[in-house]
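Student: This is the structure I want to talk about, given as structure tokens.
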Amino acid sequence: MHFKNLHTAFQLEENSFNNENDLLAFSKNNYTSIYPFLCEWFDASEFINVNTSGSTGKPKTIKLKKEFMINSAKATGEFFKLQSGITALLCLSIDFIAGKMMLVRAMVLGWSLDILEPNSNPLEQIKKGYDFTAMVPLQVFNSMDKIFKIKILIVGGGVVSDELQSKIMDLSTKIYATYGMTETITHIAIKPLNKASGFSFKNDVFQTLPNVYIQKDNRDCLVIDAPKVSERILVTNDIVELVSANTFKWLGRFDNIINSGGVKLVPEQIEKKLSQIIFQPFFVTGIPDKLLGEKLVLVIEGTSFKLDKEILKKTLTKFEIPKEIYFVDKFVMTETGKMDRGSTCKLI
């Protein structure tokens, strides 16, 4: 089958391979973390079993077509003009789709790939530079002094805060936010995050990859038709503003909406405003209230401090001002490093 073919230029830790059996033997002896996935990739099945992250619902295992994973890899290569022979770094967990797809891209497109055990500061020990890699926002935040060693960086697995974006704005690395999910085989849309990648406030939108078609449903949530990577049309819970046929602004999650006394509040939009005045991890959410049904509360990680009420009034509308503020020592995170709002709320 065609997905068994390795690109002749593919390298793993600067080692080349004549066929998949050579790669399997090498990974079994040297990189046990990727060996089970490679065994599954090169078997006779047309599908791969992939775990979802659980950031927007219960974690589950879904089947993805290998053919669609190859299509996704080619779309990324086409969008970023990533040719065979480039160097790439895998510093995400191979247990989830983002890590798996870095390996698939390298094998399909013929990259020279290095692998690091996933950690929160992946560039700390690296000595060489790379053409391409993918990280979550926490990894980017902790790698500021070494980001220049990466030419193109895609960031997924969480919202990039205004604070982080301001820190990366003038860096020489081309840095992009990605939009996607396990069901779309990682990203189906890309947004520039800094000047080097073409960011501008007038054009702060996600652009879809080739062969991706978008619309909204009656909830204003994004509907994705991407026949090259999914057999079915995907109805998301992401509230968006459609800017054109292939661009959109992400506004927030429908399932996070707080209905407080009949007023619908989008936490992500409130958090964007609050990020101008709160400089440690936080989120807003709704908790049951006898009078309002739900009341808006602010949850902050770390030592408690007093927020100036006048500054809050200047920053937020009257309905967006939290009714209560809670502090917790440490937020609960998912396996992929995303904030678990539901589990964290149980701490308050």
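Student: Within the range 272-294, restricting attention to residues that are in contact with a strand residue (DSSP E or B) (Cβ under 7 Å, 6 or more places away or on another chain) and without any contact (Cβ under 8 Å) to a residue 24 or more places away in the chain, which residue is nearest to E183 (Cα to Cα)?
Tutor: F282
Student: Next question, about the same structure. Would you confirm, using the coordinates I've provided, whether K228 is touching a strand residue (DSSP E or B) at 6+ places or on another chain (Cβ under 6 Å) and of a type in the set (K, R)?
Tutor: Here the answer is no, as K228 does not meet what is asked.
Student: Looking only at the range 69-96, count every residue that is buried (at least 21 other Cβ atoms within 10 Å of the Cβ), assigned to a strand (DSSP E or B) and in contact with a Leu (Cβ under 9 Å, 6 or more places away or on another chain) and tell me the total.
Tutor: 3
Student: So, K100, is that one basic (K, R) and either assigned to a helix (DSSP H, G or I) or touching a Pro at 6+ places or on another chain (Cβ under 7 Å) (or both) or not?
Tutor: When the stated conditions are applied, K100 passes them.
Student: Just wondering, is there one or more residues in the range 64-86 that are among the hydrophobic types (A, V, I, L, M, F, W, C), out of contact with any Phe, Trp or Tyr (no Cβ under 7 Å at 6 or more places or on another chain) and at pLDDT below 90?
Tutor: No, because not a single residue in the range 64-86 is among the hydrophobic types (A, V, I, L, M, F, W, C), out of contact with any Phe, Trp or Tyr (no Cβ under 7 Å at 6 or more places or on another chain) and at pLDDT below 90.
Student: Tell me which residues, restricted to the range 282-292, are within 25 Å of the chain's Cα centre (by Cα) and either modelled with pLDDT under 90 or aromatic (F, W, Y) (or both).
Tutor: Answer for the range 282-292, where residues must be within 25 Å of the chain's Cα centre (by Cα) and either modelled with pLDDT under 90 or aromatic (F, W, Y) (or both): F282, F283.
Student: A further question follows. Within the range 119-136, take every residue that is crowded, with 19+ Cβ neighbours inside 10 Å and modelled with pLDDT of 95 or more and give me the one that is farthest from K338 (Cα to Cα).
Tutor: Y130
To keep it simple, each residue is scored yes or no on (1) small (G, A, S); (2) in the same structural domain as L209 (by TED's automatic domain parsing); (3) crowded, with 17+ Cβ neighbours inside 10 Å.
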| site | (1), (2), (3) |
| --- | --- |
| D289 | no, no, no |
| G293 | yes, no, no |
| L298 | no, no, yes |
| F305 | no, no, no |
| L312 | no, no, yes |
| L316 | no, no, yes |
| F331 | no, no, yes |
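Student: In addition: Which ones in the range 24-46 are at pLDDT below 95 and among the β-branched types (V, I, T)?
Tutor: T32
Student: Of the conditions (1) closer than 27 Å to V229 by Cβ; (2) among the charged types (D, E, K, R); (3) modelled with pLDDT under 95, K174 satisfies every one except a single condition; which number is it?
Tutor: (3)
Student: What's the number of the condition G99 fails, among (1) free of Cβ contacts under 8 Å to residues at least 24 places away in the same chain; (2) within 27 Å of P227 (Cβ to Cβ); (3) exposed (fewer than 15 other Cβ atoms within 10 Å of the Cβ)?
Tutor: The one condition G99 does not meet is (3).
Residues are listed down the side, and each one gets a yes or a no for (1) buried (at least 19 other Cβ atoms within 10 Å of the Cβ); (2) basic (K, R); (3) outside the structural domain of V297 (by TED's automatic domain parsing); (4) assigned to a loop (DSSP other than H, G, I, E, B):
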residue	(1), (2), (3), (4)
I224	yes, no, yes, no
E231	no, no, yes, yes
I239	yes, no, yes, no
L242	no, no, yes, no
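Student: Among (1) assigned to a strand (DSSP E or B); (2) within 20 Å of K191 (Cα to Cα), where does K272 come up short?
Tutor: Just one mismatch for K272, condition (1).
Student: Determine, yes or no, whether S230 is among the small types (G, A, S) and modelled with pLDDT under 95.
Tutor: The answer is yes for S230.
Student: Right, another one. Could you tell me whether the range 107-128 includes any residue that is out of contact with any strand residue (DSSP E or B) (no Cβ under 8 Å at 6 or more places or on another chain), touching a residue at least 12 places away in the same chain (Cβ under 8 Å) and β-branched (V, I, T)?
Tutor: Scanning the range 107-128 turns up at least one residue that is out of contact with any strand residue (DSSP E or B) (no Cβ under 8 Å at 6 or more places or on another chain), touching a residue at least 12 places away in the same chain (Cβ under 8 Å) and β-branched (V, I, T).
Student: I'd like the full set of residues that are assigned to a helix (DSSP H, G or I) and either at pLDDT below 90 or closer than 17 Å to N256 by Cβ (or both), limited to the range 310-348.
Tutor: Passing the criteria: R341, G342, S343, T344, C345.
Student: So, in the range 179-206, exactly how many residues are closer than 22 Å to I70 by Cβ and touching a residue at least 40 places away in the same chain (Cβ under 8 Å)?
Tutor: 11
The values are calculated or read from the model by the stated rules, or taken from the named source; none is laboratory data. Remember, it's a predicted structure, so these values are computed and weren't measured experimentally. Reconstructed Cβ throughout: ideal geometry from the backbone, glycine too, with neighbour counts over all protein chains shown.
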